[in-house]
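S.K.: Dropping the structure in here first, questions after.
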Amino acid sequence: MEVTLDDVSRVIRLVRDVCDHWDDPCAWREQLLQGACGLLNGHVGIMLADYEPDHGWFGSLGVTAVVGVPTQMRALVQPTISQMDQRQFDDVSDNFLPGVANLYCDMQRQGWVTTAGTQISDEASYHASPWYQNFFKHIDCDGYVVSIRVVDVPQRPEAITIDRPHGAAPFGEREVALLKLLHDEIAPLVGVRLATEEHLSRNGLSKRLRETLSLLLEGYSEKQVASELKLGTRTVHDYVMRIYAHFHVSSRAELLAYFIRRRPARGKQAWQSDMV
């Protein structure tokens, strides 16, 4: 089955919905994965970033978002992924996850890759691999599609993987095309329209500070925020000052301007790390 106009419309709507959460990296990534699972009829989605990529080697892989993994198994996702850290692609391909070397070759040749697992490795090799046997088998993940793009800000490879349970139909060309279309639309926005953990965003704010920020952005005064949240005015004022410090602004006008522009700015720590 080919990609239809309705499929394209669904991708466009998903990108729009993701961008609505632009200032909250956890929220927009989760929205993206949930939407991708819906588009591809998958049940588990994972996003990864390589924070220290090197030629022919994995650097430091980090899980940036997960959906569909049982709560009791979520803590095991990062340790599983980290088993590829500081290893050559050929080594990982031969001894951990078949097909990784093929992904690397495609990345070197064309600068991107979107493919189904069955296109880069045979089923028997995949099912015998430590990647599958030690973790993904136990969360009912069998067939998968993977997409990798290099985002501009900060420049690094980021991957999206979508899995289906055992007994489900294998991913085909339509699903690969859909994920490619989605990732082609999302990747240029990362760090430009969509904040990452390195940008000034809601990431790191407590529940109370998030609530206070939302009300401030709706035009509430500090007194009105205190009344809405049933807090003292001094407490709210302290929250507001902490929000200003978090976003590196000194006034309500500057804070509102940042959100009106909808262009994420990098945090001081990110700029300092670039200069090292």
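The values are calculated or read from the model by the stated rules, or taken from the named source; none is laboratory data. Source: prediction; values computed, not measured. Reconstructed Cβ throughout: ideal geometry from the backbone, glycine too, with neighbour counts over all protein chains shown.
S.K.: Test Lys207 against the stated conditions and say whether it is without any contact (Cβ under 8 Å) to a residue 24 or more places away in the chain, closer than 25 Å to Thr80 by Cβ and either buried (at least 21 other Cβ atoms within 10 Å of the Cβ) or not small (Gly, Ala, Ser) (or both). Working first, answer last.
M.R.: Details: without any contact (Cβ under 8 Å) to a residue 24 or more places away in the chain: yes; closer than 25 Å to Thr80 by Cβ: no; either buried (at least 21 other Cβ atoms within 10 Å of the Cβ) or not small (Gly, Ala, Ser) (or both): yes.
The answer is no for Lys207.
A quick yes/no check of all residues on (1) at pLDDT below 95; (2) in contact with a Ser or Thr (Cβ under 8 Å, 6 or more places away or on another chain):
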site	(1), (2)
Cys37	no, no
His55	yes, no
Val63	no, no
Leu76	no, no
Pro79	no, no
Gln83	no, no
Phe89	no, no
Val92	no, no
Leu97	no, yes
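S.K.: Additional query: Starting from residues that are within 29 Å of Gly191 (Cα to Cα) and outside any helix (DSSP H, G or I), keep the ones in region 221-262 and report whichever is nearest to the chain's Cα centre (by Cα).
M.R.: Top of the filtered list is Arg262.
S.K.: Here are Val3, Val44, Val66, Val18: which of them is free of Cβ contacts under 8 Å to residues at least 40 places away in the same chain and of a type in the set (A, V, I, L, M)? Don't jump to the end; show me each part of the working.
M.R.: Values: Val3 fails: free of Cβ contacts under 8 Å to residues at least 40 places away in the same chain; Val44 fails: free of Cβ contacts under 8 Å to residues at least 40 places away in the same chain; Val18 fails: free of Cβ contacts under 8 Å to residues at least 40 places away in the same chain.
The unique qualifying residue is Val66.
S.K.: Which residues, taken from region 150-172, are free of Cβ contacts under 8 Å to residues at least 60 places away in the same chain and of a type outside the set (Gly, Ala, Ser)?
M.R.: Within region 150-172, Val150, Val151, Asp152, Gln155, His166, Pro170 meet the criteria.
S.K.: Tell me, yes or no, whether region 189-211 has at least one residue that is farther than 19 Å from Arg266 by Cβ and part of a loop (DSSP other than H, G, I, E, B).
M.R.: yes
S.K.: So, one more: When Ile186 is evaluated against the numbered criteria (1) under 15 Å from Leu48 (Cα atoms); (2) more than 15 Å from the chain's Cα centre (by Cα); (3) among the hydrophobic types (A, V, I, L, M, F, W, C), which criterion, by number, is the only one it fails?
M.R.: (2)
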